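The values are calculated or read from the model by the stated rules, or taken from the named source; none is laboratory data. Worth saying up front: this structure is predicted, and the values here are computed from it rather than measured. All Cβ positions, glycine included, derive from the backbone under ideal geometry; neighbour counts span all protein chains shown.
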Amino acid sequence: MRKAKKLKIITAVFTLLIIGFVIGIFFVADALRDTGIISVKEDKLVSCQKLGCPNSAKYIGSANSNVYHECDCNYALAILPENRLCFDSTQEAESLGYRPGSCIS
């Protein structure tokens, strides 16, 4: 009985430590964004440019599907260069019949 109780306490403490660590990561990431050390928007623009899109592009889709993605999404990275379609906005993609992919936040 005592062993089971100790195991529950250890599990609870471990769980609280993990939750605290995850929350801490979010606070650090927010602080880095607020100070300008990292910039999500700039990273996405650079990703689009690396995929061969013009500087204004923020999203990418495939000529073989009706889904568009943020350029840093794994699905976007899997699109073959000859099938890539670049979009400046969600409105542009949706006006051409594309729907948001699962990476769109």
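Contact map, the range 50-67: residues that are under 8 Å from Leu85 (Cα atoms) paired with residues that are in a loop (DSSP other than H, G, I, E, B) and among the aromatic types (Phe, Trp, Tyr), Cβ distance under 9 Å, separation 6+ or inter-chain. Pairs shown: Gly61/Tyr98. Please verify whether Leu7 is at pLDDT 60 or above, surrounded by 10 or more Cβ atoms within 10 Å (Cβ to Cβ), more than 21 Å from the chain's Cα centre (by Cα) and not in a strand (DSSP E or B), treating the condition exactly as stated. Spelling it out, Leu7 is indeed at pLDDT 60 or above, surrounded by 10 or more Cβ atoms within 10 Å (Cβ to Cβ), more than 21 Å from the chain's Cα centre (by Cα) and not in a strand (DSSP E or B).
All conditions in (1) surrounded by 12 or more Cβ atoms within 10 Å (Cβ to Cβ); (2) modelled with pLDDT of 70 or more hold for Ser39, with the sole exception of (2).
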